[in-house]
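Some notes on the structure that comes next.
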Amino acid sequence: MHAHINGIQLVYEDRGLGTPIVLIHGFPFRGAMWQPQVAGLVEQYRVIVPDLRGFGDSEVPPGTYTMDVFADDIAGLLDELGIEQAIIGGLSMGGYIAFAFLRRYAERVRGLVLADTRALPDTEEGRAGREVNVRLVESNGPGALADKVLPNLLAPAAPMELHAQVRGFIEQTQPQGIIGALRGMAQRPDSSDLLPTITVPTLVVVGSDDILSPPEEMRTLHNATPGSRFVVIPGAGHLAPLEQPDAFNAALHDFLAPLKD
Ligand code: MLT
């Protein structure tokens, strides 16, 4: 499905009935990374999965995609679908966007799922690294970025098919989309101050082998978030929902059950 949101064409999935949950993909992927969760939740929930601007089949406008811009797109999509409140879930960059959404649209958040993400902003070194990756993609294309980042995304025992699938997500993304999001992530604010103010039910979930948003850092995020639940998914890296879908879906179901309409 597609909709005209904030001046661009966004592609999304909207499946099932019941309490709405929005799943926001990470960088540089697409909504299809949540396919195992759509399959696992659709019988009991309304699952909304956008391709963010610049990614998947959505339009790839020029410019920097700040987390606020992405959050406004999610709010616009909810308006389009007539949804006042939803559970907002995000993986990694999707989590940064969930924080931005919470800052801007707190009254629309019924619950939060923060998967393999970080509350801290980029360090100065991290921001410089983003520009290195911008130049890498400009000169050598998304495949070169895939070569660089893939070794850090998946747990050591991840099967080759999963490597191929994730490489496909990255290689199918247009350079402008990658660059827009890299520059947007570099600008994101520190969300640490937001955590103690969170009053909605929150699931903090991370792969045991995630080296980009490590379990210790996510435990700190959980400790700072009142009433949150913390789950470590064994045998998963940074892409826990894709790597260990059964365990991830079980954690989601446990968390979501009390929020059912
Ligand atoms: C992601 O998976 O979205 C990225 O690791 C986020 C980032 O580069 O900070």
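The values are calculated or read from the model by the stated rules, or taken from the named source; none is laboratory data. The shown structure was predicted, so the numbers you read here are calculated from the model rather than taken from an experiment. When we count neighbours, we look across all protein chains shown, and the Cβ atoms used for this are built from the backbone with ideal geometry, even at glycine. Please note that ligands, DNA and RNA were not included when accessible areas were found on the heavy atoms of the full protein model with its side chains. Shrake-Rupley method; radii C 1.70, N 1.55, O 1.52, S 1.80 Å.
Of the residues making up the stretch 183-198, just one is of a type in the set (K, R) and over 16 Å from T117 (Cβ atoms), namely R183. Taking each residue of the stretch 1-14 that is open to solvent by less than 40 Å² (accessible area, probe 1.4 Å) and looking for partners that are at pLDDT below 95 with beta-carbon atoms closer than 6 Å, six or more apart or interchain, yields nothing. Just wondering, is there one or more residues in the stretch 199-215 that are farther than 14 Å from A115 by Cα and out of contact with any Lys or Arg (no Cβ under 9 Å at 6 or more places or on another chain)? Among the residues of the stretch 199-215, at least one is farther than 14 Å from A115 by Cα and out of contact with any Lys or Arg (no Cβ under 9 Å at 6 or more places or on another chain), which makes the answer yes. I'd like to know if the stretch 61-83 contains one or more residues that are open to solvent by less than 20 Å² (accessible area, probe 1.4 Å), out of contact with any Lys or Arg (no Cβ under 8 Å at 6 or more places or on another chain) and among the hydroxyl-bearing types (S, T, Y). No, the stretch 61-83 contains no residue that is open to solvent by less than 20 Å² (accessible area, probe 1.4 Å), out of contact with any Lys or Arg (no Cβ under 8 Å at 6 or more places or on another chain) and among the hydroxyl-bearing types (S, T, Y). Annotation: F29 fulfils all but one of (1) away from the ligand (no atom under 16 Å from the Cβ); (2) crowded, with 17+ Cβ neighbours inside 10 Å; the unmet one is (1). Among the residues of the stretch 48-56, is any touching a strand residue (DSSP E or B) at 6+ places or on another chain (Cβ under 8 Å), among the charged types (D, E, K, R), surrounded by fewer than 20 Cβ atoms within 10 Å (Cβ to Cβ) and within 29 Å of E131 (Cα to Cα)? No, every residue in the stretch 48-56 fails to be touching a strand residue (DSSP E or B) at 6+ places or on another chain (Cβ under 8 Å), among the charged types (D, E, K, R), surrounded by fewer than 20 Cβ atoms within 10 Å (Cβ to Cβ) and within 29 Å of E131 (Cα to Cα).
If you take the residues in the stretch 15-26 that are aliphatic (A, V, I, L, M) and surrounded by 18 or more Cβ atoms within 10 Å (Cβ to Cβ), which one is nearest to the ligand (Cβ to nearest atom)?
Step one: filter the stretch 15-26 for residues aliphatic (A, V, I, L, M), giving 17, 21-24.
After this cut, where a residue has to be surrounded by 18 or more Cβ atoms within 10 Å (Cβ to Cβ) as well, the list is 21-24.
Numbers: I21: 19, V22: 16, L23: 13, I24: 10 Å.
Here the residue is I24.
Within the stretch 76-97, being more than 11 Å from the ligand (Cβ to nearest atom) and outside any strand (DSSP E or B) holds for G76, L77, L78, D79, E80, L81, G82, I83, E84, Q85.
Looking at the stretch 206-243 only, could you name the residues that are within 16 Å of the ligand (Cβ to nearest atom), open to solvent by 40 Å² or more (accessible area, probe 1.4 Å) and more than 17 Å from I24 (Cβ to Cβ)?
Matches in the stretch 206-243: D209, I211, E217.
Please go through the stretch 122-141 and give me each residue that is in a loop (DSSP other than H, G, I, E, B), open to solvent by less than 40 Å² (accessible area, probe 1.4 Å) and within 14 Å of the ligand (Cβ to nearest atom), ordered by number.
Just the residues of the stretch 122-141 that are in a loop (DSSP other than H, G, I, E, B), to begin with: 122-123, 141.
Right, trim to open to solvent by less than 40 Å² (accessible area, probe 1.4 Å) and you get 122, 141.
D122 - this is the single residue of the stretch 122-141 that is in a loop (DSSP other than H, G, I, E, B), open to solvent by less than 40 Å² (accessible area, probe 1.4 Å) and within 14 Å of the ligand (Cβ to nearest atom).
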